[in-house]
Amino acid sequence: MARTIITLKKADLTLGSAAAAVHVLKGIDLKIGEGEAVGIVGPSGSGKSTLLMVLAGLERLDSGEIHMLDTPLHTLSEDALADFRGRNIGIVFQSFHLIANMTAIENVAVPLELANVRNAFDIAKRELTAVGLGERLTHYPGQLSGGEQQRVAIARALAPSPAVLIADEPTGNLDTETGRQIADLLFAKQKERGMTLMLVTHDTALAARCTRQIRVRSGEIAADSLNSVSPAAAFA
């Protein structure tokens, strides 16, 4: 049985204030096992992307607890949380978030350098080659297709060898075929490296490729089911 790698306990979060306040997460309890691929689905405004941002350490809970890799993230300072995230969590966004005036290899290497990782450019070259961009290292984002830009973003997310890979609508800005290729790449890397994958998507076919689906509605978990029987889907 795989060990539990992420635990949420009574996770509660309100965004905005006064009349504009929205109760986004409502006392969520959740456990994620090591090596699982989890699809988070639900209608717009349901809280699924906010849940993902909490798991990524990019949103703070108002109350409740979040534990990852036996670390209580809700107790960490901003600096300690940023350090933990940089070492343990890879994040892929819908809109790539590449730096326009940096080449592909710089986009991957610079975050590693900022984290004082040795041989940052060697690692960046290896990761870009692994996602099929070995011949595009010195190209700028504006010289790359959308699919290639997302491959750079995936290489950047994988470069620190994270235990958890978080993806927010990773195929949302891509055409159907390119989106399928990016999805294939994400699942291949997740399986190859034994990472836990947390994926928010509106694409039901993409969610169906995960070992488990969590449906969020009105800030609560409405359903939590396995797509298939998998050793990674059973956890302590």
**Study point:** Gained length - Ala80 relative to Thr4, 0.36 nm times residue gap less alpha-carbon distance
**Key:** 25.2 nm
Review point. How large is the accessible surface per residue of the chain, computed with a 1.4 Å probe and reported in Å² as a whole number?
Key: 46 Å²
Review point. Hey, which of these cross-link pairs are over 30 Å Cα-Cα: Lys48/Lys189; Lys10/Lys125; Lys31/Lys125?
Key: Lys10/Lys125; Lys31/Lys125
Review point. So how far apart, in nm, are the two label points at Ile99 and Val22 if each is 7 Å from Cα heading toward Cβ?
Key: 3.1 nm
Point to revise | Extended-chain gain in nm, criterion 0.36 nm per residue less alpha-carbon gap, Arg126 and Ser63 | key: 18.6 nm
Review point. Between Lys191 and Val117, what is the label-to-label distance in nm when each label sits 7 Å out along the Cα-to-Cβ direction?
Key: 2.4 nm
**Study point:** Euclidean distance of C-alpha centroids, the stretch 104-174 and the stretch 1-80, integer Å
**Key:** 26 Å
Review point. Calculated FRET efficiency, His139 and Val110, Cβ-Cβ r, R0 25 Å, to nearest 0.05?
Key: 0.95
Exercise for review: Measure off, as a whole percent, the carbon and sulfur share of the 1.4 Å-probe accessible area of the chain, all protein chains present.
Suggested key: 51 percent
Practice item. Kindly provide the helix-only [θ] at 222 nm of the chain, computed as the sum of -39,500 (n - 2.57) over DSSP H runs of four or more divided by all residues, to the nearest 500 deg cm²/dmol? Key: -10000 deg cm²/dmol
Revision key, fill the gap. Heads up, the stretch 141-211 by the C-alpha gyration tensor (a ≥ b ≥ c square roots of eigenvalues; a/c under 1.5 rounded, else a/b over b/c prolate, else oblate) looks oblate
Practice item. Report the net charge of residues surrounding Gly179, where surrounding means a beta-carbon distance below 13 angstrom and charges are Lys +1, Arg +1, Asp -1, Glu -1. Key: -2
Study note, to complete from the structure: Residue-ordered couplings for the stretch 158-166, obtained by feeding phi - 60° into the Karplus form 6.51 cos²θ - 1.76 cosθ + 1.60 and rounding to whole Hz (Gly and Pro as x), are 7, 4, x, 6, x, 7, 10, 10, 10
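The values are calculated or read from the model by the stated rules, or taken from the named source; none is laboratory data. Just so we're clear, the structure is a prediction, and the values are computed from it rather than from any experiment. Because the Cβ atoms are built from the backbone with ideal geometry, glycine has one as well, and the counts that use them run over all protein chains shown. Ligands, DNA and RNA are excluded from the accessible area calculation, which covers all protein heavy atoms including side chains. Shrake-Rupley method; radii C 1.70, N 1.55, O 1.52, S 1.80 Å.
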